[in-house]
Structures are given as structure tokens and as C-alpha cells.
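Here's the structure, in C-alpha cells; my notes come after.
The values are calculated or read from the model by the stated rules, or taken from the named source; none is laboratory data. Given the structure is predicted, the values throughout are model-derived calculations rather than measurements. All Cβ positions, glycine included, derive from the backbone under ideal geometry; neighbour counts span all protein chains shown.
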Amino acid sequence: MNPELSLDLQIELAVRLAAGLVLGAIIGFERELHRQPAGFRTHSLVALGAALFTIVSAYGFSGPLVDPTRIAAQIVSGIGFIGAGTILQYRGNIRGLTTAASLWSVAAIGTAAGAGLVVMAIIGTMLILVVLALLDRVESVTARWLKLPPEGKTRAIPQQEIDDGRSEDLP
């Protein structure tokens with residue numbers, strides 16, 4: 001029941017797939033440089049898969065009862081499930097939230113590329129890289145400036161502060 005696709009349209013759709021893959025790979029490469037568990041290949045595959053699902057949703061089905069937005073909605077929840085698997089709690093510390101968020105964002109990049117919104121996908125990729133690379137440095141500089149303890153470490157609270165009830169607002 002799917003419509004016939006011209007060669008030109010098939011080439012355009014292939015370019016959309018490639019755009020999703022490349023943009024996801026760029027973000028995955030940044031994650032790989034930071035030795036994150038979900039890196040180059042994972043981000044590439046998530047963006048490519050989202051782009052392919054979007055294309056299939058838009059061009060694979062036809063008819064009056066077809067709703068192409070249903071697959072896009074399922075991409076969001078499906079990637080949420082994968083992202084949840086990257087979040088770990090270890091000794092009171094949460095790890096993997098940024099990786100989960102980057103996977104979720106890469107799915108959006110792939111969805112945009114698959115929908116033909118390649119310029120928006122490129123802009124989204126650049127903004128994600130700003131968040132991952134630049135804001136990480138801003139966070140580090142701010143933590144040093146405010147003399148915050150390293151991530152995962154908290155300062156010991158003196159017993160006097162605990163007895164006086166002053167420790168409630170402290171980390």
C-alpha cells in the first residue's frame with residue numbers, strides 16, 4: 001500500500017538518512033572523547049534509526065487512517081527506555097544522565113533529518129555540542145571559583161553544625 005517513490009525522492013531520503021547518521025556520529029564522537037559508555041557507534045545508530053523510522057512513517061504507509069506522527073511519538077518513548085538503561089546509581093551518586101539526555105537529543109536530530117529538516121538537525125547538533133563541550137568547561141570553572149568539592153565528594157559536616165540543625169542547607 002505504500003506509494004511509489006521516484007528515484008529523486010529515494011536519493012533525497014538516502015541523504016536524510018546519511019545526515020542523521022553523520023550528525024549523530026559527531027555527537028557520539030564528543031561522548032567517545034569523554035570516555036562515556038554510549039559513544040560514537042551508539043549515537044550514530046540512534047540518530048540513523050530515528051531518521052529511518054521517521055522516513056518509514058512518512059513514506060511507508062498511505063491511506064486516510066494513517067497517522068505519521070505515531071511513530072515519532074514512539075521514538076521519543078523508546079529512546080527514553082534506552083536512556084534509562086544508561087543511568088546508574090552508585091554509592092549515592094547518579095551517573096549517566098548526560099549520556100541519556102544526549103541519546104534522547106540525538107534521536108531528535110535523527111527525527112529532524114528524517115523529516116527533511118536537515119538545517120534544523122545541523123543547528124540542533126551544534127547546540128548539543130555547545131552544551132556537552134562548552135558548558136562542561138563553564139561548570140568546571142564555576143566549581144573551582146566557588147570552591148565546590150569535586151563531583152561525588154561532599155565536605156564533612158562538623159558535629160556542631162549537625163547538633164545545631166545548621167546542616168540542613170548544606171550538601
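Here is how the numbers come out for the structure above:
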| read-out | value |
| --- | --- |
| Odd one out for residue 102 among (1) touching a His at 6+ places or on another chain (Cβ under 9 Å); (2) surrounded by fewer than 20 Cβ atoms within 10 Å (Cβ to Cβ) | (2) |
| Subset of the stretch 69-78 [hydrophobic (A, V, I, L, M, F, W, C) and either without any contact (Cβ under 8 Å) to a residue 12 or more places away in the chain or crowded, with 16+ Cβ neighbours inside 10 Å (or both)] | 71, 72, 73, 75 |
| Selection within the stretch 106-129 - closer than 14 Å to residue 76 by Cβ, among the aliphatic types (A, V, I, L, M) and either outside any helix (DSSP H, G or I) or in contact with a Gly (Cβ under 6 Å, 6 or more places away or on another chain) (or both) | 106, 109, 115 |
| Residues within the stretch 79-105 that are in contact (Cβ under 8 Å) with a residue 12 or more places away in the chain and part of a helix (DSSP H, G or I), tallied | 13 |
| Single unsatisfied condition, residue 136 versus (1) outside any loop (DSSP other than H, G, I, E, B); (2) loosely packed, with under 12 Cβ neighbours inside 10 Å; (3) of a type in the set (D, E, K, R) | (2) |
| Residue in the stretch 31-68 that is surrounded by the fewest Cβ atoms within 10 Å (Cβ to Cβ), counting only those that are in a helix (DSSP H, G or I) and without any contact (Cβ under 8 Å) to a residue 12 or more places away in the chain | 33 |
| Any hit, the stretch 85-98, residues being modelled with pLDDT of 85 or more and closer than 16 Å to residue 29 by Cβ | yes |
| Selection within the stretch 67-99 - under 18 Å from residue 46 (Cα atoms) and among the small types (Gly, Ala, Ser) | 72, 73, 77, 78, 80, 83, 84, 85, 96 |
